[in-house]
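> The structure follows.
Computed from the coordinates by the stated procedures, all read-outs in this text should not be read as laboratory data. What you see is a predicted model, and the numbers here were worked out from it, not measured in a lab. No Cβ is skipped: glycine too gets one built from the backbone with ideal geometry, and neighbour counts run over all protein chains shown.
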Amino acid sequence: MFKPGFDLDRQRQARADAGKPEWFGEDDLYPDVRPALSALRELGVWVGIVGNQTVRAGGLLRGLDLPTDFIATSDDWGVAKPDVAFFDKVVEAAGCSAEQIIYVGDRIDNDITPAMRVGMRTAYIQRGPWGWIHKDRQDVKELSDWRILSLSELPDIVKAER
């Protein structure tokens with residue numbers, strides 16, 4: 001929650017001007033990220049990371065050399081979640097039909113609902129603030145194809161769906 005009139009872009013710039021730009025690195029990743037993404041790649045799955053982030057955040061993610069085929073942010077694309085155009089961009093980047101994509105997200109409103117609307121399968125991940133805030137909502141059960149606690153569950157889901 002922010003105070004009325006809060007301007008996120010202006011505050012990000014103020015932090016950068018003060019020598020403290022947005023930053024994250026290897027230590028900020030959940031421990032299951034690299035093993036799960038690697039396991040998916042070993043299965044021959046196209047792996048993408050997308051989210052409502054800045055161009056700078058996209059560069060930081062790409063700098064981590066994660067086992068992915070693609071990384072993009074809302075700022076890269078000029079369209080943000082929950083706009084279904086964001087999810088259309090995911091389908092375009094993946095180069096397959098929406099029905100072949102499992103979209104993982106921790107928010108019903110920003111992730112699961114719009115991904116489902118474009119025809120993707122969805123996995124609700126219960127972690128982070130939104131994952132815990134939304135965990136007991138009825139629409140989590142109604143809209144998610146899977147409910148997971150860890151990315152390490154994804155390789156078994158992919159195997160079962162093949």
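> What's the percent breakdown of Cα-Cα distances in segment 1-51 across 5 Å bins, shortest bin first?
Reading upward from the zero bin: 4, 14, 14, 15, 15, 11, 11, 10, 5, 1.
> Sticking with this structure for a sec: Rg to Rh for segment 24-114: what is it, with Cα atoms only and Rh by Kirkwood?
My calculation puts Rg/Rh at 0.94.
> While we're on this one: Eight or more residues apart or on different chains, and alpha-carbon atoms under 24 Å: count the Lys pairs in the chain matching that.
Here the count comes out as 6.
> State log₁₀ I(q)/I(0) for segment 66-126 at q = 0.18, 0.24, 0.30 Å⁻¹ as given by the Debye formula over alpha-carbon point scatterers of equal weight, solvent excluded.
Each listed q corresponds, in turn, to -0.59, -1.06, -1.40.
> Per residue, how big is the convex hull around the C-alpha atoms of the chain? Give it to me in cubic angstrom, could you?
128
> Shifting gears a bit: Starting from 0.36 nm per residue, how many nanometres of slack lie between SER152 and SER38 once their C-alpha separation is accounted for?
Extending this stretch completely gives an extra 40.0 nm.
> Taking a ≥ b ≥ c as the square roots of the eigenvalues of the Cα gyration tensor of segment 22-63, is the shape rounded (a/c under 1.5), prolate (a/b larger than b/c) or oblate?
oblate
> What chymotrypsin sites (Phe, Trp or Tyr not before Pro) does segment 35-142 have in DSSP loop regions with at most 14 other beta carbons within 10 Å?
Those that pass, being in a loop and sparsely packed, number zero.
> Hey, what's the Cα Rg ratio for segment 48-89 versus the globular rule of thumb, 2.2 N^0.38 Å?
Here the answer is 1.09, to two decimals.
> Continuing with the same structure: I want to check the label-to-label distance for ASP17 and ALA85. Put each point 7 Å from Cα in the C-beta direction and report it in nm to one decimal.
Between ASP17 and ALA85, the label points sit 3.0 nm apart.
> Can I ask one more? Can you pull a Stokes-Einstein diffusion coefficient for segment 78-162 at 20 °C (1.002 mPa s), Rh from Kirkwood over Cα pairs, as a whole number of µm²/s?
Once the numbers are plugged in, D ends up at 165 µm²/s.
> Further question: Given only helices, namely DSSP H runs of n ≥ 4 each adding -39500 (n - 2.57), what is the per-residue ellipticity at 222 nm of the chain, to the nearest 500 deg cm²/dmol?
It lands at -11000 deg cm²/dmol.
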